[in-house]
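Shown next, in structure tokens, is the structure this report addresses.
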Amino acid sequence: MTTDTTQEQECVFCSIIAGDLPSDTVYRDDQVIAIKDNNPQAPIHVLIITREHNLESLNDASRLDASLLGHALYTAAKVANQMGIAESGYRVVVNTGEKAGQSVPHLHLHVLGGRNLAWPPG
Ligand code: 5GP
Ligand code: ZN
């Protein structure tokens with residue numbers, strides 16, 4: 001028996017977390033997984049993905065999610081260190097909603113580094 005909702009079944013990140021789609025995983029724990037983005041926008045481009053589908057974006061977060069959000073951000077720093085970009089510098093991005101270009105409605109952080117990153121972003 002499965003308790004997955006249709007939304008989760010159709011979600012690319014849920015499929016990766018379930019092991020139904022392949023990914024290049026660089027870190028995992030009980031709350032998040034980190035995978036290499038398959039369309040990298042920088043030499044290092046890792047996604048920190050929350051394991052549960054309950055938050056589609058930051059807009060869904062409540063006070064109860066503060067610990068998970070903090071853990072995801074901490075994991076971004078840990079992964080940046082692991083990938084060797086902590087010292088040179090990196091950017092953590094959370095695209096939220098249509099105008100920010102969010103394309104996968106399952107909360108995730110981008111960790112980008114390994115090149116000079118322009119500011120302001122496009
Ligand atoms: P968003 O546009 O929602 O901020 O970021 C979604 C990211 O997920 C994009 O950078 C996109 O390249 C990445 N992505 C989409 N599908 C897959 C996939 O199947 N595998 C991996 N590794 N990354 C994906
Ligand atoms: Zn999902």
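Taking every protein chain into account, the 1.4 Å probe leaves Y90 with about 80 Å² of accessible area, to the nearest ten. Averaged per residue, segment 5-113 has 57 square angstrom of accessible surface, using a 1.4 angstrom probe with ligands and nucleic acids left out. Where the alpha-carbon atoms of the chain are placed on the principal axes, they occupy 47, 28, 27 Å, in descending order. What is the calculated FRET efficiency for E87 to S67, with r their C-beta to C-beta distance and R₀ = 22 Å, to the nearest 0.05? Efficiency for this residue pair is about 0.20.
Per-atom-type breakdown for segment 5-113 gives carbon and sulfur 48% of the accessible area (1.4 Å probe, protein chains only). Helix 66-82 axis versus longest C-alpha principal axis of the chain: approximately 50°, rounded to the nearest ten.
The values are calculated or read from the model by the stated rules, or taken from the named source; none is laboratory data. Since the structure is predicted, the reported quantities are computational estimates derived from the model, not experimental observations. Methodologically, a virtual Cβ is constructed for each residue, glycine included, from the backbone with ideal geometry; neighbour enumeration extends over all protein chains shown. SASA here: full protein model, heavy atoms, side chains in, ligands and nucleic acids out. Shrake-Rupley method; radii C 1.70, N 1.55, O 1.52, S 1.80 Å.
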